[in-house]
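Engineer: Before I ask anything, let me first share the structure, which is written out below as structure tokens.
The values are calculated or read from the model by the stated rules, or taken from the named source; none is laboratory data. It should be emphasised that the depicted structure is a prediction, and the values quoted were computed from it without experimental measurement. Here the Cβ is made from the backbone with ideal geometry for all residues, glycine too, and neighbour counts use every protein chain on show. For the accessible areas, the whole protein counts, side chains as well, though only heavy atoms, and no ligand, DNA or RNA atoms are used. Shrake-Rupley method; radii C 1.70, N 1.55, O 1.52, S 1.80 Å.
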Amino acid sequence: MTYRIGIDVGGTNTDAVILDEQFNVLAKTKRHTTADVSKGIYQSMKEVIEASGVPRQDIQYAMLGTTHCTNAIVERKRFNQVGIIRIGAPAAMAVKPMTGVPADLKQKLNQHVYLVEGGHEFDGREIVPFDEEAVYNAARKMKDEVDSVAVTSIFSPVSNAHEKRAAEIIQEVIGSIPVSLSSEIGSVGLLERENATILNASVVNVAEATAVGFMNALEEEGIDAKVFFGQNDGTLMSVDYAIKYPILTVACGPTNSLRGASYLSGKSDALVIDVGGTTTDIGVLIDSFPRESSLAVDIGEVRTNFRMPDLVSIGLGGGTVIRMKDDQTFAIGPESVGYRLPEKALVFGGDTLTATDVVVALGKADIGDPSKVQHLDKMLLTNIYASMIKMAEKAIDQMKTSADPVPVILVGGGSILFPDALEGASEVIKPENFGVANAIGAAIAQISGQVERIYSLNDWGRDKAIDHAKQIAIGEAVKAGADETTCQIVDIEDVPLAYLPGNATRIRVKAAGELAST
Amino acid sequence: MRYLGEREIEDIAVGASLLGTGGGGDPHIGKLMALQAIEEQGPVQLLEVDELPDDALIVPIGMMGAPTVLFEKAPGEHEATNAFSMMEDYLGEKVYATMPIEIGGVNSLLPVAVAARLGLPVVNVDGMGRAFPELQMVTFYLDGISASPLILADERGNTSVMNTVDNHWAERLARSATIQMGGSATVAQYPMHGKDVRRSGIAGSLGLAEDIGKAIREAKQNNQNPVDEVILRSGGIKLFEGKVTDISRRTVTGFARGTATIEGINADRSHTLKLHFQNEFLLAEKNDAPVCITPDLICTLDADTGTPITTEGLRYGVRCAVIGIPCHEKWRTNKGLETCGPGYFGYGMDYMPLETPAAKGDKTV
């Protein structure tokens, strides 16, 4: 028997699970996320391994979903010294790199910028010939100044030839240095993709330190496991890839919850309500994967064109503070006692009325000491409880795609807040191990590959173009470590492009499969 | 006369997105170009139409082509300079000011960026009062003003002057050249004198976009309903509130066409609104009866935040408010309706002004 360990680092808690080959949960732990995030990871890992009692040498895979890189970006700390190369002049000079990015971040990252001639048109033609000499010159100037380079070329999602050549030149001049290529990171939309590439280049040191720390910790525990990182789309990437493209890990948390909920409930299409300590996130599962947002996503106030799970977040969690007033009115949140629930909530002997206290006082959950909330006005509590449910039901309605009721899966530590029936829900499922759905989501994740290209449907025909994209996506998944026989197409999107000839259409395909056995 | 700075540009971008009636391209890139230009060159002078000398040469500038290409291959630094100097050589006159050709979408702010870069004023006026997909769809055309000489410029330094027999030919030829230039090009067209701008333009449209953007921003700050505020500033009518439940798209002859179905919520519960679009929203039907028809404006906003929603941003589950805004009276003339009315876009119905009771869905059948 072989085993896998899954760890998810969230804002409030760090969760860890051990699963066997059939994905049965053998042990789970939940700890507060520590200021030193890595320390929390090691402690959770130690604890869960001991609790499971499985032989350490049989743990073969370790999956980590972490917020290290997100924190670095939000806090503007521990950045690399970044060099920025944009290939595309004379086009796009009207919007130089990092236009519209907050000044504090721009000041930190926008110190070594080189705009060189080159890039492509939407149909793959060169805009102007690529000025390789300019890249050589830039590399020579950057040699002792930077320790990470971001390269973005116009229409690199269509042709990445100039980006690849630039990377060769940089490494020829500077030697071994991380080079982030925009074609590996984002889709069409120059500034957003460039921003994401620059952010990526800025956190490669953080990512490497995290990965090395995690691998060392595993080694100290006597575990020789293959390490993977959870990425935004709910699939895994190898540790080598995660060190090169850490930006793809920044939104893995909510995704892991959704994927874990899908696995635990056996549902592939449902709404997922993830109740945390401070907020509740509602997302949608389609074919077992999160529905993605179509809007531009901000990371640390920087606009990127990442695809993130489409979520609504409401300010209601287990630790949400409830204020009662004398005139029988009340206010729910948005303040929360967060991870201090076990000391602050009334049922735990604290001094703050929280959402958790409300459900315990009404006899809808059995935690802490119910006698500590017996004195509260039942009528008022009933009204508060009704308002809490209304908040969730409104969000459910917002996320649904039709008027028909849909299955709702409740996960997360705070899911005791909600009842077994909700308006708009055909059924409410509270699966076993709901509290650690996110760590389970990390542990069971598949390996994916993705492609996004612009096809002229007049030349290709729609079916042929989509088939072509599918083959590339599956090839990418296999390259990343998926077992080809289990690969499935999990997402297809084709968007016709206005004002272009030949029925130009952007096709994006994602394939995912199980980890190939080693 | 007043100056446009960072705050005004942010507000115009939001208002222009609303007035884009679902199309016109996301003004975000135009906003960034304008912000970079004023950061480098300082604020831009905004002139009212009555401040223009009769014989001053005013040249609208904008982008032609695919917004998707524009967002990836943004303009360079010299297209507008090249286009204007060629225009000046050709006409033997100096450009006095520039202006937007359309207030809806990305073309609203490009002239502001160009004005900052070239040190020219921009005029508070446009030729649509909204967004439309073709270059003859401007009020100048209705008044017999020619799009020619029309100048296209790309980032490589190519420029092309076109003198066409009518504005439909200008549309056709310029569209082909734009594809060769990579699918997106800078276009200077409809050169006019001050007195023509006053006679034929839709005055005050940059200011209206700014007002709408400001209303949405302030409503958010003050916890007011942004939709009501927008209606108040724009003279619009609330058509519907609901949730997008279906959307179908296809591309026909280069235009993104489709239909969005919105199921009503709150007061519109158990009603259905269908929004038909061809780049822009052109027809809204409530329970299969038309309630707002092009050239009147159909705008969608996020029901909670008031953020304008484009046809590309429409997706399952989005909760939105749909409002109608009466178009400029020039569009309601025979020639106006021939140019941009329902017939031109292939909808088999007669135009009905938004304000008439039948169009409001009050009709009892």
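Engineer: Any residue in region A:39-61 that is at pLDDT below 85 and outside the structural domain of A:Gly276 (by TED's automatic domain parsing)?
Structural biologist: Scanning region A:39-61 turns up at least one residue that is at pLDDT below 85 and outside the structural domain of A:Gly276 (by TED's automatic domain parsing).
Engineer: Test each condition in (1) of a type in the set (Ser, Thr, Tyr); (2) closer than 19 Å to A:Arg259 by Cβ; (3) surrounded by fewer than 16 Cβ atoms within 10 Å (Cβ to Cβ) for A:Thr34 and report the one that comes out false.
Structural biologist: For A:Thr34, the exception is condition (2).
Engineer: Further, regarding this structure: Among the residues of region A:98-113, what is the count of those that are closer than 19 Å to A:Ile170 by Cα and open to solvent by less than 60 Å² (accessible area, probe 1.4 Å)?
Structural biologist: Result for region A:98-113: 4.
Engineer: Moving to a separate point now. When B:Glu280 is evaluated against the numbered criteria (1) surrounded by fewer than 24 Cβ atoms within 10 Å (Cβ to Cβ); (2) within 30 Å of A:Leu457 (Cα to Cα), which criterion, by number, is the only one it fails?
Structural biologist: (1)
Engineer: Sticking with this structure for a sec: Residues of region B:134-144 being farther than 15 Å from B:Trp169 by Cβ and open to solvent by 10 Å² or more (accessible area, probe 1.4 Å), which ones?
Structural biologist: Correct list: B:Leu142, B:Asp143, B:Gly144.
Engineer: Taking the criterion of being without any contact (Cβ under 8 Å) to a residue 12 or more places away in the chain and over 22 Å from B:Leu70 (Cα atoms), would at least one residue in region B:137-152 satisfy it?
Structural biologist: yes
Engineer: Would you confirm whether any residue within region B:13-22 is away from chain A (no Cβ under 14 Å), open to solvent by 10 Å² or more (accessible area, probe 1.4 Å), touching a Pro at 6+ places or on another chain (Cβ under 9 Å) and within 21 Å of B:Thr307 (Cβ to Cβ)?
Structural biologist: yes
Engineer: Something else now. Which residue pairs have Cβ atoms closer than 7 Å, lie 6 or more positions apart in sequence or on different chains, and pair a first residue in region A:79-100 that is within 12 Å of chain B (Cβ to nearest Cβ) with a second residue that is in a loop (DSSP other than H, G, I, E, B) and among the polar types (S, T, N, Q)?
Structural biologist: A:Pro97/A:Asn110; A:Met98/A:Asn110
Engineer: Which numbered condition trips up A:Val359, out of (1) hydrophobic (A, V, I, L, M, F, W, C); (2) more than 30 Å from B:Thr245 (Cα to Cα); (3) open to solvent by 10 Å² or more (accessible area, probe 1.4 Å); (4) in contact (Cβ under 8 Å) with a residue 40 or more places away in the chain?
Structural biologist: (3)
Engineer: Closer than 20 Å to B:Asp26 by Cβ, within 14 Å of chain A (Cβ to nearest Cβ) and of a type outside the set (A, V, I, L, M, F, W, C): which single residue out of B:Thr311, B:Thr261 fits that description?
Structural biologist: Within the list B:Thr311, B:Thr261, the selection yields B:Thr311.
Engineer: Moving on to the next point. Among the candidates A:Glu343, A:Glu335, A:Glu301, which residue alone is surrounded by fewer than 20 Cβ atoms within 10 Å (Cβ to Cβ) and under 26 Å from A:Ala207 (Cβ atoms)?
Structural biologist: A:Glu301
Engineer: Here is a list of conditions, (1) at pLDDT 95 or above; (2) within 26 Å of A:Val297 (Cβ to Cβ); (3) part of a helix (DSSP H, G or I); (4) among the charged types (D, E, K, R), and A:Arg86 meets all of them except one; can you say which number that is?
Structural biologist: (3)
Engineer: Here is a further query. Looking at A:Val116, is it within 14 Å of another protein chain (Cβ to nearest Cβ) and assigned to a strand (DSSP E or B)? Walk me through it before giving the result.
Structural biologist: Working: within 14 Å of another protein chain (Cβ to nearest Cβ): yes; assigned to a strand (DSSP E or B): yes.
Here the answer is yes, as A:Val116 does meet what is asked.
Engineer: Only one of (1) open to solvent by 20 Å² or more (accessible area, probe 1.4 Å); (2) assigned to a strand (DSSP E or B) fails for B:His168. Which number is that?
Structural biologist: So the condition that B:His168 fails would be (2).
Engineer: Select from region A:122-156 the residues that are aromatic (Phe, Trp, Tyr) and either in contact (Cβ under 8 Å) with a residue 40 or more places away in the chain or within 14 Å of another protein chain (Cβ to nearest Cβ) (or both) and list them in ascending order.
Structural biologist: A:Phe122, A:Phe130, A:Phe155
Engineer: How do the helices (runs of 4 or more DSSP H) wholly within region A:185-296 filter down when requiring 3 or more residues that are within 14 Å of another protein chain (Cβ to nearest Cβ): which remain? Spell out how you get there, then give the answer.
Structural biologist: On the way: elements: A:190-202, A:204-220, A:239-244, A:252-265.
Ranges flagged: A:190-202.
Engineer: Look through region A:419-478, keep the residues that are aromatic (Phe, Trp, Tyr) and crowded, with 19+ Cβ neighbours inside 10 Å, and return whichever of them is modelled with the highest pLDDT.
Structural biologist: A:Phe434
Engineer: Right, something else. Would you tally the residues in region A:157-184 being open to solvent by 30 Å² or more (accessible area, probe 1.4 Å) and either in contact (Cβ under 8 Å) with a residue 60 or more places away in the chain or part of a loop (DSSP other than H, G, I, E, B) (or both)?
Structural biologist: Within region A:157-184, residues that are open to solvent by 30 Å² or more (accessible area, probe 1.4 Å) and either in contact (Cβ under 8 Å) with a residue 60 or more places away in the chain or part of a loop (DSSP other than H, G, I, E, B) (or both) number 5.
Engineer: More than 14 Å from chain A (Cβ to nearest Cβ) and in contact with a strand residue (DSSP E or B) (Cβ under 6 Å, 6 or more places away or on another chain): is that true of B:Leu173 in this structure?
Structural biologist: For B:Leu173, the condition - more than 14 Å from chain A (Cβ to nearest Cβ) and in contact with a strand residue (DSSP E or B) (Cβ under 6 Å, 6 or more places away or on another chain) - is met.
Engineer: I'd like the full set of residues that are touching a strand residue (DSSP E or B) at 6+ places or on another chain (Cβ under 6 Å) and either closer than 27 Å to B:Gly235 by Cβ or not aliphatic (A, V, I, L, M) (or both), limited to region B:149-162.
Structural biologist: Passing the criteria: B:Pro149, B:Asp154, B:Thr159, B:Ser160.
Engineer: Against the condition out of contact with any Pro (no Cβ under 9 Å at 6 or more places or on another chain), crowded, with 21+ Cβ neighbours inside 10 Å and of a type in the set (D, E, K, R), how does A:Lys510 come out, does it pass?
Structural biologist: Yes; evaluated as a whole, the condition is true for this residue.
Engineer: Okay, moving on. Among (1) of a type in the set (Gly, Ala, Ser); (2) touching a Gly at 6+ places or on another chain (Cβ under 7 Å); (3) part of a helix (DSSP H, G or I), which single condition is B:Ala267 missing?
Structural biologist: In the conditions (1) of a type in the set (Gly, Ala, Ser); (2) touching a Gly at 6+ places or on another chain (Cβ under 7 Å); (3) part of a helix (DSSP H, G or I), B:Ala267 misses (2) alone.
Engineer: Scan the strands (runs of 3 or more DSSP E) fully inside region A:399-518 and keep the ones with 3 or more residues being basic (Lys, Arg).
Structural biologist: Hits in region A:399-518: A:504-513.
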